[in-house]
Amino acid sequence: MQTDLLAILIPLLPLIGFIINGMGFRHVPKGLVGILGTLGPLVSFACSLLLFTGFGGQTIKVPLFDWITVGHLNIPFAFQIDQLSLIMLLIVTGVGSLIHIYSIGYMKHDEGYGKFMAFLNLFLFFMLLLVMGSNYVIMFIGWEGVGLCSYLLIGFWNKNTSYNNAARKAFVMNRIGDLGFLLGIFMIMGAFGSVEYTEVFEQAAGFPIGDATVVAITMLLFVGAMGKSAQIPLYTWLPDAMAGPTPVSALIHAATMVTAGIYMVVRSNVLYTLSPVTLEIIGGIAIATALLAASIGLVQNDIKKVLAYSTVSQLGYMFLGLSVMGYTAGMFHVMTHAFFKALLFLGAGSVIHAVADEQDIRKMGGLRKYLPITYWTFLIATIAIAGIPPFAGFFSKDEILMHAYQHNKLLWVLGVIGSAMTSFYMFRLLFLTFFGRFRGSEHTREHLHESPATMTVPLVVLAVLSIIGGFFNVPEALGGEARLAEFLNPIFNLSRRVRPSAFGETLLTHSEEYMLMGISTAVAIVSAIAAYVMYVQRVSLPEADTVERPVVQKVLYNKYYVDELYETIIVKPVRGLGDTFYSFGEFIIDGIVTGTGWLVQQASGQLRRLQTGSIGFYVFAMVVSIAAILCLRFFVRF
Amino acid sequence: MLTLIILLFPVLAALLVLAVRGQQAKQIAFIAALIELGLAGYAFFSFVPDANSQFGFDYPWLAQGTIRFTAGIDGVSLLLVVLTALLTPLIILSAFRHTYDRPSVFYALILFMEAALLGVFTARDAFLFYLYFEAALLPVYFLAALWGGENRIPVTFKFFVYTIFGSLFMLVALVYLYFKTGTPAGLHSSAITALYNLNLSPTEQSWIFWAFFIAFAIKMPVFPFHTWQPDTYVESPTPATMLLAGIMLKMGVYGVIRLMLPIVPEGVQTWGMTALVLSVIGIVYGAIIAIRQRDMKRLIAYSSFSHVGLMAAGVFTLSLNGVQGALVQMLAHGINVVGMFFVADIIASRTSTRLIDQMGGITRYTPKLTVYFMILLLGSVALPLTNGFVGEFLLLSGVFEYNNILGAVAGLTIIFGAVYMLRLFQKTMFGKTTPLTEGFNDVSGSESWVFIPLCIMVFWIGMVPNSFLKLTEPAVANLLQFVK
């Protein structure tokens, strides 16, 4: 009973926050806005902790009411509390609360402050539905709902047309994925007659490996994940989404929403385990995305854009982990990434705050002196994401790479190349921002300042988590207990049943594991040193936009021209089609249909005699008289 | 008996309104429509959710009582009665902001329209259904032809001829069916249920299918019978557009559910694929055109055409999901489209243009309108927990089950829908203000009272769809049992 109450409160509290701040926007006093806005997430976090500590290992279902019932299909509005949703709850409400607190400092002076907090709360509500729902349709509510909030927050400063376009692009691209997700749900309904996880997975476990229906379901669901988690080909919205205020980038476009795709795959692990083909495809897309995004990140000069491409790339790593059945590794990386990437974005926000909304790293530099807390925390996050031990990113990324190595050496090699790039672009960003001398205007330099405590405290907390986050799942080879893996273990029971071989003990010896760890660490450190030499010792600044670049750099700088490609092969044709249909198609159809009607009239002997007059009039007269006669007859008899 | 009161009350009220001089007419019409809503509400809450026709009446009418004046309310009817009775007062209230010439005639016509629509949705005799089906055309025709825009004469003429032409086919089919019932002349019957039990040969099924299809396809409209629609929507005064898009096009979908599916199920099975393909073409075709429209009203008209295509596709699948989805979607679409046209009307009358590229930045001045517009938009783009989702989810699942490819193509509506709706929203509400939108007035009190019930319905249907699905399911199952 108490569990039920906690489970209901967790999403409800942010929703209440949304309603109060949303309805009372411009009426609720500013001081109260922040308190109301952060209270919901904080209490939700507390409730999540209570749920977590009181969790006994048994999956708990909390049914609220029957939502949609048609014939034999019943879609209940219900929550499911198990190991996976608990981990996600802690990440979402925990990191979410920190970012809400940070937002108080970051957005306080914005005229839309109350609206902003309301939208953040609404986002949290939908995100919590997404991870707590006990069936695919509730997940879909959250799935689309977070997309809406993403839209509202990317276009938060709605006077700016390019921001609005970015918001619309995000929503529409997500919708492309959502269609796949929706069709996947329909297939699930067709195959299993239910959308409830427990029923679907129990039945699915009886299917043979490689079953065509399951393959189709997993592919369609993954299309949804491509949209939400920004994988090729649906990733281009995420870098544009940086138009939103920075806390939004941290919360939605780094720590939580974009990891929904990983959550979905892990949730559906039985289905994916049954479909090795899908996993292979995911693996290919994932590594391609990881490398493509990382290579673009090497040359970007907008502090948030670098982080955005980094996020796309890291999401690729998470999917890489899933594709080689390292489900726990994927989830582990979701967790550590939430810590250090949120930290990076919040740090970037702190920097942007200090340099009067400048985002171009060519106009920064030397900020170490002026923003010490931001610098130190940013440094920690950079080390963490680069994969240098013993910080969080090392453990999770290493686990993914280890699984990849076992599965396919090529994936591992590509993965290591990707982490070399990761380390390079991150340290490049760090050095260009915080080292050297300040390159902005004199006026800006005078106003450089560290951010207020509401902003720096979340930074410090996240920095601590970025340092220790890895210890939640230290591998056995390093004398750890792999506690996260232990905890999540029951989630994969059915998967283990359908493909026991894939879940066997690791084939790697400890020395092999040490070697892999050694290589990835070495690569990360070498890249960091290379960045140091280039940007600190030689002070070679990136060129201005006007300078003609060498071909490779130009292609990277222009993001492989993918946006232009989509514009040419999709957007413009659809527009052209719309114009053609409207100007030409409608005319032709109208001509044919009315022409046919006219011919029918011509052919009809009775109507031919009416040609002398207006046909419309006669038809009209006929109807009116029929109606009149019928009415008259009725009243006479009545 | 309740049905008789529901059918007669708006007629009497309309006659009363006709007798009133001056602008008072609108208040009386509004009150009458509210009372009618009360009656419908009573029916809604006291309805027993089974397959039976309730609150009915039955009087002999023509041909020795084989054609009868009979009506009643089952689950399918109930939903549309509620829709009609709910939207009519809101449509009347939304017209308050304009001063129309000859208000007594204008508002009386709206009430006549309401009566005729309710007749269509409750009639239990095929000829009575036909009578109301045609009668519903007259008031809206006069509304459009007398109070419409510059091009109203040719446009409404086309609309009139087009739809009359279509329903003549239905009349022929109904007369044929009537003579098929009972062999001795005295035992003919035009009761709709009597037509359900006819044994028709495959050929008969086919041609009756087409006779019905043309009538209903023009009304909805289904591609390629839609070319009367955008012009008519644009040229009509907004209340008439709302009546057309919000309620009248549902006559077509309702006709398919009430007559086609049970009377010619084999015809539907034979030709269903053709009908579905046409409907699905309409969904995509309409949506793609909507993406490029600059005129707000025309954009909404094409979006409505696109949405109706999905409803049509759903019912032709002959599946419970498809029909239930179509019913909920009829309710949802009626609410959303009336709201959307109202938003367009408010914006157009305050900026004196309907072209969206001349607008922008309205949200600066209008916190309320922004919220209402956004809620209705979310309903239209079928965001979960809003009304549009439930209908589209069930419809698409029905179509997908029928044919995966058609389902996937029909599903494009959720992508294109987002494209044109967000474009409309962005171009009007966001961005920089233009001279035309400078100092835009937010919605007034009476305007809010149109939006508030609509927005409540958006969430009610979206969050508790079972309160409607449960009412209609027995009736739908009953109609579908004629499908072998």
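The values are calculated or read from the model by the stated rules, or taken from the named source; none is laboratory data. These figures come from a predicted structure and were not determined experimentally. When we count neighbours, we look across all protein chains shown, and the Cβ atoms used for this are built from the backbone with ideal geometry, even at glycine. Keep in mind that these areas ignore ligands, DNA and RNA; they rest on the heavy atoms of the full protein, side chains included. Shrake-Rupley method; radii C 1.70, N 1.55, O 1.52, S 1.80 Å.
If we scan the stretch A:60-69, do we find a residue that is closer than 20 Å to A:Gly133 by Cβ and touching a Lys or Arg at 6+ places or on another chain (Cβ under 8 Å)? Yes; the residues of the stretch A:60-69 include at least one that is closer than 20 Å to A:Gly133 by Cβ and touching a Lys or Arg at 6+ places or on another chain (Cβ under 8 Å).
Conditions tested, residue by residue: (1) open to solvent by less than 30 Å² (accessible area, probe 1.4 Å); (2) not in a helix (DSSP H, G or I).
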| residue | (1), (2) |
| --- | --- |
| A:Glu486 | no, no |
| A:Asn489 | no, no |
| A:Phe492 | yes, no |
| A:Arg497 | no, no |
| A:Leu508 | yes, yes |
| A:Glu512 | no, no |
| A:Ile519 | no, no |
| A:Ile529 | no, no |
| A:Ser540 | no, yes |
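Does the stretch A:296-305 contain any residue that is in contact with a Phe, Trp or Tyr (Cβ under 8 Å, 6 or more places away or on another chain) and over 19 Å from A:Ala386 (Cβ atoms)? No, there is no match, as no residue in the stretch A:296-305 is in contact with a Phe, Trp or Tyr (Cβ under 8 Å, 6 or more places away or on another chain) and over 19 Å from A:Ala386 (Cβ atoms).
B:Ser94 - would you say it is hydroxyl-bearing (Ser, Thr, Tyr), modelled with pLDDT under 90 and under 25 Å from the mean Cα position of the chain (by Cα)? No.
Flag not set for A:Ile188, criterion: in contact (Cβ under 8 Å) with a residue 12 or more places away in the chain, under 30 Å from A:Phe65 (Cβ atoms), within 14 Å of another protein chain (Cβ to nearest Cβ) and surrounded by fewer than 24 Cβ atoms within 10 Å (Cβ to Cβ). Would you confirm whether any residue within the stretch B:350-359 is of a type in the set (A, V, I, L, M, F, W, C), at pLDDT 95 or above, buried (at least 20 other Cβ atoms within 10 Å of the Cβ) and in contact with a helix residue (DSSP H, G or I) (Cβ under 6 Å, 6 or more places away or on another chain)? Within the stretch B:350-359, none of the residues are of a type in the set (A, V, I, L, M, F, W, C), at pLDDT 95 or above, buried (at least 20 other Cβ atoms within 10 Å of the Cβ) and in contact with a helix residue (DSSP H, G or I) (Cβ under 6 Å, 6 or more places away or on another chain). Among the residues making up the stretch B:26-50, those that are assigned to a loop (DSSP other than H, G, I, E, B) and either of a type in the set (Phe, Trp, Tyr) or in contact with a Gly (Cβ under 7 Å, 6 or more places away or on another chain) (or both) are B:Phe47, B:Pro49.
If you check A:Leu251, A:Leu220 for being closer than 28 Å to A:Gln80 by Cβ and either in a loop (DSSP other than H, G, I, E, B) or under 11 Å from the mean Cα position of the chain (by Cα) (or both), only one passes: A:Leu251.
Restricting to the stretch A:152-170, name every residue that is in contact with a Phe, Trp or Tyr (Cβ under 6 Å, 6 or more places away or on another chain), open to solvent by 10 Å² or more (accessible area, probe 1.4 Å) and at the interface with chain B (Cβ under 8 Å from one of its Cβ atoms). Don't jump to the end; show me each part of the working.
Narrowing the stretch A:152-170 to residues in contact with a Phe, Trp or Tyr (Cβ under 6 Å, 6 or more places away or on another chain): A:152-153, A:155, A:157-158, A:163-164, A:167, A:169-170.
From the residues that got through so far, the ones that are open to solvent by 10 Å² or more (accessible area, probe 1.4 Å) too are A:152, A:157-158, A:163, A:169.
If the condition is that a residue be in contact with a Phe, Trp or Tyr (Cβ under 6 Å, 6 or more places away or on another chain), open to solvent by 10 Å² or more (accessible area, probe 1.4 Å) and at the interface with chain B (Cβ under 8 Å from one of its Cβ atoms), then A:Asn158 is the only one that fits.
For the stretch B:390-411, a residue qualifies if it is open to solvent by less than 10 Å² (accessible area, probe 1.4 Å), in contact with a Gly (Cβ under 6 Å, 6 or more places away or on another chain) and facing chain A (nearest Cβ under 10 Å), and the qualifying residues are B:Leu394, B:Leu396, B:Gly398, B:Val399.
Note on the stretch A:361-435: enclosed helices (runs of 4 or more DSSP H) holding 1 or more residues that are at pLDDT below 95, farther than 26 Å from A:Val351 by Cα and open to solvent by 30 Å² or more (accessible area, probe 1.4 Å) are A:392-407, A:409-434.
Filter the stretch A:125-138 down to residues that are over 19 Å from A:Gly96 (Cα atoms) and not polar (S, T, N, Q) and give me whichever is farthest from the other protein chains (Cβ to nearest Cβ). Step by step, filter the stretch A:125-138, then rank; the result is A:Tyr136. A:Leu488 falls short on exactly one of the conditions (1) in contact with a His (Cβ under 9 Å, 6 or more places away or on another chain); (2) aliphatic (A, V, I, L, M); (3) within 21 Å of A:Tyr272 (Cβ to Cβ), and that condition is (1). Among all residues of the stretch A:10-32, there is at least one that is in contact with a helix residue (DSSP H, G or I) (Cβ under 8 Å, 6 or more places away or on another chain), surrounded by 18 or more Cβ atoms within 10 Å (Cβ to Cβ) and not in a helix (DSSP H, G or I). Restricting attention to the stretch B:147-165, the residues that are more than 9 Å from chain A (Cβ to nearest Cβ) and in contact (Cβ under 8 Å) with a residue 24 or more places away in the chain add up to 10.
Quick check, is B:Ser306 open to solvent by 10 Å² or more (accessible area, probe 1.4 Å), closer than 25 Å to B:Pro237 by Cα, of a type in the set (Gly, Ala, Ser) and out of contact with any strand residue (DSSP E or B) (no Cβ under 7 Å at 6 or more places or on another chain)? Working first, answer last.
Details: open to solvent by 10 Å² or more (accessible area, probe 1.4 Å): no; closer than 25 Å to B:Pro237 by Cα: yes; of a type in the set (Gly, Ala, Ser): yes; out of contact with any strand residue (DSSP E or B) (no Cβ under 7 Å at 6 or more places or on another chain): yes.
It is false that B:Ser306 is open to solvent by 10 Å² or more (accessible area, probe 1.4 Å), closer than 25 Å to B:Pro237 by Cα, of a type in the set (Gly, Ala, Ser) and out of contact with any strand residue (DSSP E or B) (no Cβ under 7 Å at 6 or more places or on another chain).
The lone criterion from (1) open to solvent by less than 40 Å² (accessible area, probe 1.4 Å); (2) at positive phi left unmet by B:Ile414 is number (2).
Here A:Leu291 meets each of (1) open to solvent by less than 10 Å² (accessible area, probe 1.4 Å); (2) at pLDDT 95 or above; (3) not small (Gly, Ala, Ser) with one exception, condition (1). Residues that are part of a strand (DSSP E or B) and among the small types (Gly, Ala, Ser) within the stretch A:78-110 comprise just one, A:Ala78.
Within the stretch A:191-206, the set of residues being buried (at least 18 other Cβ atoms within 10 Å of the Cβ) and either touching a Lys or Arg at 6+ places or on another chain (Cβ under 8 Å) or away from chain B (no Cβ under 14 Å) (or both) comprises A:Glu196, A:Tyr197, A:Val200, A:Phe201, A:Ala204.
Of these, A:Leu86, A:Leu122, A:Leu73, which one is within 14 Å of another protein chain (Cβ to nearest Cβ), surrounded by fewer than 24 Cβ atoms within 10 Å (Cβ to Cβ) and over 19 Å from B:Glu392 (Cβ atoms)? Spell out the reasoning first.
Working: A:Leu86 fails: within 14 Å of another protein chain (Cβ to nearest Cβ); A:Leu73 fails: over 19 Å from B:Glu392 (Cβ atoms).
Going through A:Leu86, A:Leu122, A:Leu73 in turn, just one is within 14 Å of another protein chain (Cβ to nearest Cβ), surrounded by fewer than 24 Cβ atoms within 10 Å (Cβ to Cβ) and over 19 Å from B:Glu392 (Cβ atoms): A:Leu122.
Test B:Met457 against the criterion of being farther than 20 Å from B:Leu299 by Cβ and surrounded by 20 or more Cβ atoms within 10 Å (Cβ to Cβ), and give yes or no. Answer is yes for this residue. Considering (1) more than 8 Å from every other protein chain (Cβ to nearest Cβ); (2) within 30 Å of B:Arg364 (Cβ to Cβ); (3) not in a helix (DSSP H, G or I), the lone condition that A:Asn174 does not fulfil carries the number (3). Restricting attention to the stretch A:34-62 and to residues that are open to solvent by 70 Å² or more (accessible area, probe 1.4 Å) and in contact (Cβ under 8 Å) with a residue 60 or more places away in the chain, the residue that is farthest from the other protein chains (Cβ to nearest Cβ) turns out to be A:Thr59.
Candidates are the residues of the stretch B:426-442 that are among the polar types (S, T, N, Q) and assigned to a loop (DSSP other than H, G, I, E, B); the one that is nearest to the other protein chains (Cβ to nearest Cβ) is B:Thr433.
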